[in-house]
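Student: This is the structure I want to talk about, given as structure tokens.
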Amino acid sequence: MTRIDKNPTGGAEAVAAGTAISVRGLVKHFGSTKALDGVDLDVREGTVLGVLGPNGAGKTTLVRCLSTLLVPDAGTATVAGYDVVRQPRQLRRTIGLTGQYASVDEKLSGRENLYMIGRLLDLSRKEARSRADELLERFSLTDAAKRPAMTYSGGMRRRLDLAASMIGHPAVLYLDEPTTGLDPRTRNEVWDEVRRMVAEGATVLLTTQYMEEAEQLASELTVIDRGTVIANGEVDELKARVGGRTLQIRPTDPQQLGSMARAVTEAGLDGVSGTQVVPDEGVLNVPILSDQQLTAVVALLGSRGYGIAHIGTHLPSLDEVFLAITGQKTADSQDAHRETEEVAA
Ligand SMILES: Nc1ncnc2c1ncn2[C@@H]1O[C@H](COP(=O)(O)OP(=O)(O)O)[C@@H](O)[C@H]1O
Ligand SMILES: [Mg+2]
């Protein structure tokens with residue numbers, strides 16, 4: 001394998017070609033709190049790595065270490081070939097950071113915020129102005145460009161924050177829970193933007209509490225809990241380990257729930273592993289592994305003459321993912337779950 005080492009000062013291990021972020025044994029303790037307790041991960045150039053974990057897992061601490069805002073206690077990390085401890089200035093020039101909490105200046109307008117950041121990044125006045133306008137347009141903020149950021153909605157703020165992180169054309173972007181607290185529509189807008197950045201060649205490290213977000217955006221996933229990696233791999237691989245999705249069917253006639261469940265069970269369809277009737281909600285849940293089973297179950301019920309009012313699928317919740325991987329609930333599963341529900345509502 002070809003190996004490159006842009007770190008002639010030595011120390012950090014050589015990083016494999018095509019790897020944008022490489023983290024080995026990263027440790028950061030705050031007093032007795034082990035925020036990071038030996039984290040290893042790699043992000044390939046031009047891909048999105050999802051870092052999934054509940055509140056307090058260490059996600060923001062990881063992002064802060066990789067942004068040079070925190071100095072790790074032990075371990076190594078290189079980003080675009082630069083060592084986080086030894087080459088902080090070069091590293092900062094190649095990254096963009098969007099925090100969970102928007103970091104814009106409330107009193108300045110959207111345009112002034114972007115212009116100011118452009119100037120801080122050494123753009124000329126003219127360059128800073130045109131880059132600001134270009135990004136305002138791209139993030140659908142042109143109409144609000146002259147209003148103070150404090151008048152923006154949550155979604156507009158998040159978009160402004162994303163725009164701000166992109167001013168310097170970063171090769172590597174950190175998105176720290178970019179959609180936590182956003183409504184579904186705004187969340188989709190943010191997802192579209194992230195996809196666009198990746199299509200343009202950016203490498204993204206995305207932290208999230210939502211399996212769905214990871215599935216939408218990331219190709220690979222690292223699951224962390226209490227500062228340690230508890231699983232990593234391809235998103236599809238992990239999903240399969242966790243057991244795919246749940247197909248939820250709402251019959252036109254709730255009285256038929258029981259007989260529909262029996263029909264599915266008796267048909268013994270490949271990859272369909274049982275059914276669960278939820279009378280209170282008037283739905284039948286069927287765990288499935290892929291779209292193939294979805295089609296098969298719906299076709300079966302249709303051919304038997306059952307009326308279906310609504311179907312939907314959902315991914316396992318963070319709790320279910322943790323349960324499947326570790327055999328236990330996360331310490332913080334209650335909180336994480338509540339937030340998941342709020343956003344989904
Ligand atoms: N500056 C700090 N001082 C003390 N403890 C901290 C600090 N930052 C984070 N922590 C603690 O480290 C752990 C990980 O926090 P964090 O990285 O923010 O998790 P996440 O972003 O996954 O919710 C938590 O227990 C948190 O309370
Ligand atoms: Mg955080």
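No lab work stands behind these numbers, since they all come straight from the coordinates. What you see is a predicted model; the values in this text were computed from it and never measured. All Cβ positions, glycine included, derive from the backbone under ideal geometry; neighbour counts span all protein chains shown.
Student: Looking only at trypsin sites (Lys or Arg not before Pro) in DSSP loops with at most 11 other Cβ atoms within 10 Å, what is the longest site-free stretch of the chain?
Tutor: Longest stretch, sites excluded: 147-345.
Student: Taking the chain as the reference, fit the longest principal axis to its C-alpha atoms, fit the long axis of helix 257-267 to the helix C-alpha atoms, and give the angle between the two in degrees, 0 to 90, nearest 10.
Tutor: 90
Student: So how do Asp161, Asp280 line up by other beta-carbon neighbours within 10 Å, fewest first?
Tutor: The most exposed by this proxy come first: Asp280, Asp161.
Student: Now for a separate question. Please work out how many pairs of lysine residues in the chain are eight or more positions apart (or on different chains) and have Cα atoms closer than 23 angstrom.
Tutor: 9
Student: Compute, for the chain, the length of the dipole vector about the Cα centre, with Cβ point charges of +1 (Lys, Arg) and -1 (Asp, Glu) only. Units Debye, rounded to 20.
Tutor: 1160
Student: I would also like to ask the following. Given N residues in the chain, what is Rg(Cα) / (2.2 N^0.38 Å)?
Tutor: Compactness ratio reported: 1.13.
Student: Taking DSSP loops as anything outside H, G, I, E and B, show the longest stretch in the chain free of GluC sites (Glu not before Pro) there with at most 14 other beta carbons within 10 Å.
Tutor: After excluding every exposed loop site, the longest remaining stretch is 201-345.
Student: Kirkwood hydrodynamic radius for the range 98-153: how many Å is it when counted over pairs of different Cα atoms?
Tutor: Computed over Cα pairs of the range 98-153, the Kirkwood hydrodynamic radius comes out at 11.4 Å.
Student: Rounded to the nearest angstrom and ordered from largest down, what semi-axes does the equivalent ellipsoid of the range 61-134 get from its C-alpha gyration tensor (root of 5λ)?
Tutor: In descending order the semi-axes read 28, 15, 8 Å.
Student: Translational diffusion coefficient of the range 245-314 at 4 °C, 1.567 mPa s, Stokes-Einstein with Kirkwood Rh over Cα pairs, in µm²/s as a whole number.
Tutor: Approximately 111 µm²/s, per Stokes-Einstein.
Student: Take the alpha-carbon positions of the range 29-98, form their convex hull, and give its projected area averaged over all directions (one quarter of the hull surface) in nm².
Tutor: The orientation-averaged projected area of the Cα hull of the range 29-98 comes to 5.1 nm².
Student: Then there's this: Going by how many other beta carbons lie within 10 Å of each one, how would you line up Thr295, Thr222, Thr61, fewest first?
Tutor: The order, fewest Cβ neighbours first, is Thr295, Thr61, Thr222.
Student: If eta is 0.890 mPa s and T is 25 °C, what Stokes-Einstein diffusion coefficient results for the range 132-184, Kirkwood Rh from Cα pairs, in µm²/s?
Tutor: D, rounded to a whole number, is 207 µm²/s.
Student: Then there is this: When the gyration tensor of the range 146-263 is built from Cα positions, what are the square roots of 5 times its three eigenvalues, in whole Å, from largest to smallest?
Tutor: Sorted largest first and rounded, they come to 34, 22, 13 Å.
Student: Further question on the same structure: How much mean residue ellipticity at 222 nm does the chain get from its helices, if each DSSP H run of length 4 or more adds -39500 (n - 2.57) and you divide by all residues, to the nearest 500 deg cm²/dmol?
Tutor: Numbers: 12 runs with 128 residues, N = 345.
It comes out at -11000 deg cm²/dmol, rounded to the nearest 500.
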